[in-house]
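The structure follows.
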Amino acid sequence: MNKLFPTQEVGSLAKPRWRIKGYRGKPLSKEEIAEAVDWGRKLGIENLGELVKLLSKGDSAGRKSALLEWSAKYAIRFFETAGLDIVFDGEQWRSEMYEHVIRKTAGFKFLGYVKSFDYRYFNKAACIDKPKYAKSFYLDEFLFTKENTKKEIKVPFTGAYTLVDWTFNEYYEKKFSGKIRDFKRRKFEAKRDFLFDLIKEVIRPEISKLIDAGAKWIQIDEPAATTNPADEEMKLFVESFNETVKGFNCVFSLHNCYSNYEVLARHSCELRNCSQLSLEFANRDSRQTGTGNERTGYNSIKLFEEHSFQGNYGLGVVDVHTNFVEPPELVRDRILYVVEIIGDPSRIYVSTDCGLRTRTWEISFRKLKNMVLGAELARKALE
């Protein structure tokens with residue numbers, strides 16, 4: 001993209017109340033239906049009468065799939081109306097980044113919910129057999145987005161390392177039981193086998209389908225990347241990323257947030273075919289404007305430069321864990337501070353820290369609008 005500081009959202013957007021309740025077959029109140037109509041008008045959604053009819057009637061055949069499409073269309077228009085250059089559908093088709101993939105893959109059994117962060121939980125599974133590709137988990141979502149936007153599309157894709165790290169590894173640990181006496185070595189080798197089987201049997205086939213359908217940019221989401229900071233474990237993560245993207249004619253980027261960036265930076269130059277690191281900084285930064293030393297939240301980017309990372313940065317300038325709406329001037333100064341560090345403004349893409357699924361649509365929209373305005377102020381400052 002020729003434009004300086006193109007703007008992008010990282011992935012998720014909160015699901016509207018009418019989408020959640022309607023999908024579960026629960027009746028909606030007049031206020032909830034009115035909320036859908038109000039947002040539809042703000043976003044320029046066509047044929048709102050059809051949605052009202054769908055929301056007003058009880059559960060019926062095809063209702064769930066129709067609601068998925070309506071909420072995805074709303075999210076796409078939401079990002080477009082906010083002014084973003086690179087969009088997706090807010091992951092409206094997905095139950096959650098982990099469960100959505102595992103539920104459509106053979107060889108797993110769900111065991112119950114565990115806490116991930118704040119008040120958020122995910123349904124954790126055990127691997128009980130060799131993973132096998134059962135059905136596509138992102139293709140229909142991508143095709144719908146492609147049909148409903150003319151903007152550049154970036155597909156968020158949960159990475160294999162995180163899927164493995166968040167799963168009980170029963171099958172492979174039994175496989176290695178008795179073969180390796182040392183407990184830690186047995187756990188590591190079992191994890192390695194699980195990881196590369198998952199990449200070969202599930203992850204790469206889905207990526208291949210996306211690329212065949214026209215996907216040009218896939219963002220690999222790896223929140224677990226530095227959970228185990230030991231050098232051997234980080235080398236395994238790097239190897240898994242490189243194996244995932246190897247040989248595909250597509251742009252790939254890596255998203256990682258709320259992690260140990262000192263550890264990630266040491267291995268960043270080993271990542272192959274990684275065009276961008278989408279990282280979280282606003283959460284660590286002060287709310288003071290200016291481009292002086294007070295921008296300490298962004299100093300960790302120096303680590304990536306010191307370790308010779310050559311790609312672009314998806315620069316998190318919006319904190320997704322607070323309702324504070326960043327003024328455009330603060331966004332501008334965060335961008336310009338990083339320009340001074342890396343010296344090349346063309347390497348900066350302007351992003352939220354992470355997905356916005358924990359914020360209301362009202363807050364998210366204001367945050368994104370100001371992010372777009374801040375990026376414009378940064379462009380003007382460099383003219």
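Counting other Cβ atoms within 10 Å, which GluC sites (Glu not before Pro) in region 41-144 have at most 13 and lie in a DSSP loop?
Here the sparse-neighbourhood loop sites are 46.
Here is a further query. Taking the Cα centre of each part, how many Å lie between region 209-229 and region 149-204?
Between the Cα centre of region 209-229 and that of region 149-204, the gap is 14 Å.
Within region 109-214, report the chymotrypsin sites (Phe, Trp or Tyr not before Pro) that DSSP leaves as loop and that have at most 16 other Cβ atoms within 10 Å.
Answer by residue number: 119.
For region 339-351, what does the Karplus curve 6.51 cos²θ - 1.76 cosθ + 1.60, with θ = phi - 60°, yield as ³J(HN,Hα) per residue in whole Hz, taken in order and with x for Gly and Pro?
So the Karplus estimates, Gly and Pro as x, are 4, 5, 6, 9, x, 9, x, 5, 8, 10, 10, 9, 9 Hz.
Something else: Treating only the Cβ atoms of Lys and Arg (+1) and Asp and Glu (-1) as charged, compute the dipole magnitude of region 133-286 about its Cα centre; round to the nearest 20 debye.
For this selection, approximately 340 debye.
Let me ask you something else. Past the 18 angstrom mark, what percentage of all C-alpha to C-alpha distances in region 110-192 do you count?
Value for region 110-192 (Cα pairs over 18 Å): 61 percent.
Using the Karplus curve 6.51 cos²θ - 1.76 cosθ + 1.60 with θ = phi - 60°, what ³J(HN,Hα) values do you get for each residue of region 62-77, in whole Hz, with x for Gly and Pro?
Here the 3J(HN,Hα) series is x, 5, 4, 5, 5, 5, 4, 5, 5, 5, 5, 5, 4, 5, 4, 5 Hz.
Going by amide H atoms built from the backbone, whose H comes under 5 Å of the H on residue 7, apart from near neighbours?
85, 86, 350
Considering amide H positions built from the backbone, and no H for Pro or chain starts, which residues 5 or more places from residue 226, or on another chain, come under 5 Å of its amide H?
Result for residue 226 returns 260.
Same structure again: Counting other Cβ atoms within 10 Å, which trypsin sites (Lys or Arg not before Pro) in region 117-151 have at most 13 and lie in a DSSP loop?
Sites meeting the loop and neighbour criteria: 135, 150.
Could you size up the charge dipole of region 234-342 around its Cα centre, putting +1 on the beta carbon of Lys and Arg and -1 on that of Asp and Glu, and report it in debye to the nearest 20?
180
Can you work out ³J(HN,Hα) from phi for every residue in region 369-380, in order, using Karplus 6.51 cos²θ - 1.76 cosθ + 1.60 and θ = phi - 60°, giving whole Hz and x for Gly and Pro?
4, 5, 5, 5, 5, x, 5, 5, 4, 5, 4, 5
Still on this structure: Using the charge dipole of region 98-217 (Lys, Arg: +1 at Cβ; Asp, Glu: -1 at Cβ; taken about the Cα centre), state which of 114, 136, 156 has its Cα farthest towards the positive end.
Selected residue: 114.
For the chain, what is the charge dipole size about the Cα centre, in debye to the nearest 20, if Lys and Arg each add +1 at the Cβ and Asp and Glu each add -1 at the Cβ?
Its charge dipole is roughly 1260 debye.
Here is the link list: 42/367; 174/246; 73/104; 26/151; 191/246; 30/73. Which ones come out longer than 26 Å on Cα distance?
In this structure, 174/246; 26/151 exceed 26 Å between Cα atoms.
Just the number, please: percent antiparallel of the DSSP beta bridges in the chain, rounded to the nearest 5.
The answer is about 25 percent antiparallel.
Still on this model: Order by neighbour count: 158, 105, fewest other Cβ atoms within 10 Å first, most last.
Listed from fewest to most nearby Cβ atoms, that is 105, 158.
Related question: Considering only 257, 286, 276, whose Cα is most displaced toward the positive end of the charge dipole of region 187-294, charges sitting on Cβ of Lys, Arg (+1) and Asp, Glu (-1)?
Checked the options; the winner is 276.
A short reminder: the numbers here are calculations on the coordinates, not readings from a lab. Bear in mind that the values here come from a model prediction, so they are computed numbers and not experimental data. Heads up, the Cβs are rebuilt from the backbone with ideal geometry, glycines too, and the neighbour counts pull from every protein chain shown.
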